[in-house]
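S.K.: Mind having a look at this structure? Questions to follow.
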Amino acid sequence: MAAKSPVMLLLGFGPNVGHHVSETFAAKGYIVARASRKIKEEESTATQINIPIDLADPESVIGVFSKLKDTHGYPSVVVYNAGAGLPPNDKNDPLSIPLANFTRDLNINTTSAFVAAQQAALGFAQLSPTASKTFIFTGNILNTTTIAVLLNSGVGKSATAHIIQSAAIAYKDRGYKFYYADERNNDGSPAYAKIDGAAHGEFYTHLAEGKLQGPWQQTFVKGVGYKHFPSA
């Protein structure tokens, strides 16, 4: 009997990073489940599962894992690729963000990411010893750098970086890997809007194939891979 294909769950599908990450894992033989707000479930195939979800609702993340478990099994790789950052009403006043906007973005950037990491760990415990058991959060430099107009995004990245670091330490001996991925330029400056989706796909599969937990904060450069940079 042929071995069962591993499952990768991508939360937050988009045309750049999300597209390339899903394509790269599919090329590695994974069944890829893609979850996002605008994705169409009826366009699913045998190896590409589309699951509509609104990550502003953290409870909905549990439903995605439950549905995937019942149809294809526990994911051995979970990538959290969603992000939100509504600007303040006054760009010179970061505290002018309406509470509703702050809460929504925090749910997308952190609370739903926490639930995803929690559900991933519960699933990892059910997988074989040889499974990847990897959780990757798509981050950026905002967990170490303050940009006032990006307060919502920065709060979320910082909080989730703390979650990832804590999980990487706590679960290392169980063989679970947790990573905060952050693409940089070669000089350590942020890639910002010029992030490379294909580079993310290549790097994320590299992290998934690793046998041991590496540095939780995976600053990486296109064509180079992991590169350590001092904190800002």
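The values are calculated or read from the model by the stated rules, or taken from the named source; none is laboratory data. No experiment lies behind these values; they were computed from the predicted model shown. Please note: Cβ atoms are built from the backbone with ideal geometry, for glycine as well, and neighbour counts cover all protein chains shown. Please note that ligands, DNA and RNA were not included when accessible areas were found on the heavy atoms of the full protein model with its side chains. Shrake-Rupley method; radii C 1.70, N 1.55, O 1.52, S 1.80 Å.
S.K.: Within segment 23-33, how many residues turn out to be surrounded by fewer than 24 Cβ atoms within 10 Å (Cβ to Cβ) and free of Cβ contacts under 8 Å to residues at least 40 places away in the same chain?
M.R.: Adding up the residues that qualify gives 3.
S.K.: So, one more: Which residues, counting only those in segment 213-231, are surrounded by 12 or more Cβ atoms within 10 Å (Cβ to Cβ) and of a type in the set (Gly, Ala, Ser)?
M.R.: Selection gives Gly214, Gly225.
S.K.: Turning to a different aspect of this structure: List every residue pair whose Cβ atoms lie under 9 Å apart, where the two residues are 6 or more positions apart in sequence or sit on different chains, the first residue falls within segment 34-53 and is assigned to a loop (DSSP other than H, G, I, E, B), and the second residue, located anywhere, is aromatic (Phe, Trp, Tyr).
M.R.: Lys38/Phe13; Ile39/Phe13; Thr47/Tyr30
S.K.: Kindly provide the set of residues from segment 14-29 that are assigned to a loop (DSSP other than H, G, I, E, B) and over 23 Å from Gly139 (Cα atoms), ordered by number.
M.R.: Lys28, Gly29
S.K.: Taking only segment 85-100 into account, find how many residues are buried (at least 18 other Cβ atoms within 10 Å of the Cβ) and among the hydrophobic types (A, V, I, L, M, F, W, C).
M.R.: Counting residues in segment 85-100 that are buried (at least 18 other Cβ atoms within 10 Å of the Cβ) and among the hydrophobic types (A, V, I, L, M, F, W, C) gives 1.
S.K.: Return yes when Val61 is touching a helix residue (DSSP H, G or I) at 6+ places or on another chain (Cβ under 6 Å), in a helix (DSSP H, G or I) and either open to solvent by less than 50 Å² (accessible area, probe 1.4 Å) or in contact (Cβ under 8 Å) with a residue 60 or more places away in the chain (or both) and no when it is not.
M.R.: yes
S.K.: What are the residues in segment 1-11 that are within 17 Å of Ile136 (Cα to Cα) and either surrounded by fewer than 24 Cβ atoms within 10 Å (Cβ to Cβ) or free of Cβ contacts under 8 Å to residues at least 24 places away in the same chain (or both), if any?
M.R.: Result: Pro6, single match.
S.K.: Looking at Thr103, is it within 19 Å of the chain's Cα centre (by Cα) and open to solvent by 20 Å² or more (accessible area, probe 1.4 Å)?
M.R.: So Thr103 does not fit the description; no.
S.K.: Under 7 Å between Cβ atoms, at least 6 apart or on separate chains: pull out the pairs that start in segment 93-108 with a residue that is over 10 Å from Ala56 (Cα atoms) and end on any residue that is in a helix (DSSP H, G or I) and small (Gly, Ala, Ser).
M.R.: That search, which allows pairs on different chains as well, returns Pro94/Ala148.
S.K.: A follow-up question, please. Just wondering, is there one or more residues in segment 160-174 that are outside any helix (DSSP H, G or I), more than 23 Å from Phe102 (Cβ to Cβ) and in contact (Cβ under 8 Å) with a residue 12 or more places away in the chain?
M.R.: Yes, that holds for at least one residue.
S.K.: On to the next question. Can you tell me which residue among Thr111, Thr134, Thr138 is at negative phi, open to solvent by 10 Å² or more (accessible area, probe 1.4 Å) and under 11 Å from the mean Cα position of the chain (by Cα)?
M.R.: Thr138
S.K.: Identify the residue in segment 180-198 that is without any contact (Cβ under 8 Å) to a residue 60 or more places away in the chain, of a type in the set (A, V, I, L, M, F, W, C) and surrounded by fewer than 20 Cβ atoms within 10 Å (Cβ to Cβ) and, among all such residues, is farthest from Gly83 (Cα to Cα).
M.R.: Ala191
S.K.: Do you know which residues across segment 148-169 are among the hydroxyl-bearing types (Ser, Thr, Tyr) and either crowded, with 17+ Cβ neighbours inside 10 Å or in contact with a helix residue (DSSP H, G or I) (Cβ under 8 Å, 6 or more places away or on another chain) (or both)?
M.R.: Ser153, Ser158, Thr160
S.K.: Something else now. Would you check if Phe135 is among the aromatic types (Phe, Trp, Tyr) and touching a Phe, Trp or Tyr at 6+ places or on another chain (Cβ under 7 Å)?
M.R.: Taking the combined requirement at face value, the residue satisfies it.
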